[in-house]
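Report on the structure given below.
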Amino acid sequence: MTPIKSPLAPRADAADLLKDTDLRGRTAVVTGGASGLGVETVRALLGAGARVIMPVRDTARGEQVARDLAQETGNSDVHVLHLDLGSLASVRQAAAAILAAAPRIHILINNAGVMATPQGLTADGFETQFGTNHLGHFQLTRLLMPALLAAAPARVVALSSSAHRLSDIRWDDPNFQTTPYDPWQAYGQSKTANALFAVELSRRYGLQGVTANAVHPGGIMTGLQKHMPEGEAQRRGWIDENGVPNPAFKTPAQGASTSVWAATAPELNGVGGLFLEDLQQSTPLDGANPSPLFGYRPHALDADSARRLWTLSEELIEQTGQ
Ligand SMILES: NC(=O)c1ccc[n+]([C@@H]2O[C@H](COP(=O)([O-])OP(=O)(O)OC[C@H]3O[C@@H](n4cnc5c(N)ncnc54)[C@H](OP(=O)(O)O)[C@@H]3O)[C@@H](O)[C@H]2O)c1
């Protein structure tokens, strides 16, 4: 089967992608909209006329970004509320506020995330990255499902990463309780979880008109790298000695485009459970595609793992009593 592709070049800006798209009457929820790719995602959606809800951890920064974007796009239908994905109580509160404001949600972009954090636990005792990147969004999406179903066809976008290659789900020890902590394995696991979540959500809700796809946005220098030790970005070749990003890296506006494509493209109508990057359906890494830059490891889209992770996530959340 030919992979699904956008007609635009892989490095198109998110706003260019929506230049001819009318999202008036559509409601989008974008987590982590106060920085990095989130800002550019919200900018593009507002520019196309959508109503945008921004659940953010830092509401003062979120309000400032919302004001700036409203002024730039001429669309002031943008609303900020508090969400800490590292606390299931906060997720519940945020979901209730979102549902009260938006009984129908057409687009949910699970964009917020942390990378390579020092070892730590969320408020509910989960490893920081698994808890924040996966379980927080898992629970938020489940709680928002009535509004997504009410708006169907509706789309969920799960920000994954090429870093999913670093780890499958650590079934025996997802929270690093019995094995030494590794910040990159933990990030990799959480990004595999984001992709598997899209697969199982589409299986469960696709026939009712709610689909989800996973997105690797590319490499982009944003606030995400803040937990990397000084010099690591240079050693990895992400930036040069002057702090200039490697030419293979994208700008935040380019980095937001695959999310926005996943959320709106007509060529993805009714399509879920894919891994998307560079404005196209990705391909599995195997002998035919050994690229270090493009492609997904099959563990990220494995249907059995996706079901198993959904059940595990439900059980883990249930055990917290939240
Ligand atoms: N940049 C890349 O190269 C790259 C590559 C692959 C995948 N991604 C993925 O793309 C997404 C966006 O990343 P980005 O590059 O735009 O990074 P970013 O600039 O650091 O933005 C991440 C956002 O997530 C928010 N966030 C973190 N923890 C949170 C929590 N507990 N509750 C609520 N919000 C929280 C952050 O808020 P605070 O500022 O308050 O922490 C921030 O607004 C992430 O999911 C990331 O894994 C990025």
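The values are calculated or read from the model by the stated rules, or taken from the named source; none is laboratory data. Given the structure is predicted, the values throughout are model-derived calculations rather than measurements. Here the Cβ is made from the backbone with ideal geometry for all residues, glycine too, and neighbour counts use every protein chain on show. When the accessible area is computed, the model is the full protein with side chains, heavy atoms only, and any ligands, DNA or RNA have been set aside. Shrake-Rupley method; radii C 1.70, N 1.55, O 1.52, S 1.80 Å.
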Residue pairs meeting the criteria (Cβ under 6 Å; at least 6 apart or on separate chains; first under 22 Å from ASP302 (Cβ atoms), in the stretch 256-285; second of a type in the set (Lys, Arg) and surrounded by fewer than 22 Cβ atoms within 10 Å (Cβ to Cβ))
GLN280/LYS5; LEU285/ARG297
Can you name the residue in the stretch 219-232 that is open to solvent by 20 Å² or more (accessible area, probe 1.4 Å) and within 8 Å of the ligand (Cβ to nearest atom) and, of all such residues, is nearest to LEU301 (Cα to Cα)?
GLY219
Whether any residue in the stretch 119-135 is outside any helix (DSSP H, G or I), without any contact (Cβ under 8 Å) to a residue 40 or more places away in the chain, in contact with a Gly (Cβ under 7 Å, 6 or more places away or on another chain) and within 16 Å of the ligand (Cβ to nearest atom) is what I want to check.
yes
Here are GLY237, GLY295: which of them is within 19 Å of the chain's Cα centre (by Cα), surrounded by fewer than 22 Cβ atoms within 10 Å (Cβ to Cβ), farther than 21 Å from GLY38 by Cα and modelled with pLDDT under 95?
GLY295
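Specify which of the listed residues (LEU201, LEU196) is out of contact with any Asp or Glu (no Cβ under 8 Å at 6 or more places or on another chain), among the hydrophobic types (A, V, I, L, M, F, W, C) and either in a helix (DSSP H, G or I) or away from the ligand (no atom under 16 Å from the Cβ) (or both).
Values: LEU196 fails: out of contact with any Asp or Glu (no Cβ under 8 Å at 6 or more places or on another chain).
Selected residue: LEU201, the only one of LEU201, LEU196 that is out of contact with any Asp or Glu (no Cβ under 8 Å at 6 or more places or on another chain), among the hydrophobic types (A, V, I, L, M, F, W, C) and either in a helix (DSSP H, G or I) or away from the ligand (no atom under 16 Å from the Cβ) (or both).
Quick check, is ALA158 at pLDDT 95 or above, within 13 Å of the ligand (Cβ to nearest atom), open to solvent by less than 10 Å² (accessible area, probe 1.4 Å) and not in a helix (DSSP H, G or I)?
Criteria met by ALA158.
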